[in-house]
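Working notes, beginning with the structure itself.
The values are calculated or read from the model by the stated rules, or taken from the named source; none is laboratory data. No experiment lies behind these values; they were computed from the predicted model shown. For neighbour counting, all protein chains shown are included, and Cβ atoms are generated from backbone atoms with ideal geometry for every residue, glycine included. Calculation scope for accessible area: heavy atoms of the full protein, side chains included, ligands and nucleic acids excluded. Shrake-Rupley method; radii C 1.70, N 1.55, O 1.52, S 1.80 Å.
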Amino acid sequence: MYHDLPPSASFWSFLLAVDEDLAEEARNKGCPCGGRLHSANYLRKPGGTPAQLPEPQRLRLSFCCDRDGCRKRATPPSVRFLGRKVYLAAIVILVSAMRQGPTPWRFRELSKRFGADESTIARWQIFWREHFPQTAFWKVARAGFVTLGTIVSLPYALVDAFLGRHPPYRGWELLLRFLSPITVAGGLQIKISQ
Ligand SMILES: [Zn+2]
């Protein structure tokens, strides 16, 4: 059943595998200057996620150009991180979990299985309701979802669109990859005009 919460341990490894894939794509492209990209990963402190996550799960995959005079950092999209601290997966899990509404039991379950605390969940509710619909990313991407209707149905409509049509892990992967452009610098910019 796609609306079931995925088991946490295997889900984190699954997300890491998707991130490694996204990183490989970025590395193959290389730096715009023509230089080669070398690994320059860094640790993130996850916000609203378990502090005991093993180190590989807290590692933001990133690269540096090897050419003198450039040395630019290139950070590929990620399905685990959004901005400085928070895991994108936490949002999606939250979304899936709240299909039947944010009951106290659901909060407890999220908290226990994924370490998302109540304020994190509240923050992400605001993100989906108020911030995400205003992003430049969504204003372009929503054209591909003409049948989704009003933004009132966000983010549930997205979950349905991807997980309703594919086997669970494939659906998760496609949904997370779809959202991954918002995880790089500038990805959450708000577009004022329509
Ligand atoms: Zn370069």
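With the crude spin-label approximation of a point 7 Å out along Cα→Cβ, what separation in nm comes out for Y42 versus A185?
The modelled label-to-label distance comes out at 1.0 nm.
What does the extension gain come out to for L59 and A141, with contour length at 0.36 nm per residue minus their alpha carbon separation?
Difference between extended and current length: 26.7 nm.
Heads up, I need the accessible area for W128: 1.4 angstrom probe, whole protein in place, Å², nearest 10.
Rounded to the nearest 10, the figure is 10 Å².
Testing the spin-label approximation: label points 7 Å from Cα along Cα→Cβ at E24 and F178. State their distance in nm.
2.4
Per 0.36 nm of contour for each residue apart, how much would the distance between S13 and A122 grow if the chain were fully extended, relative to their Cα-Cα spacing?
Values: separation 109, 0.36 × 109 = 39.24 nm, distance 2.57 nm.
Result: 36.7 nm gained on full extension.
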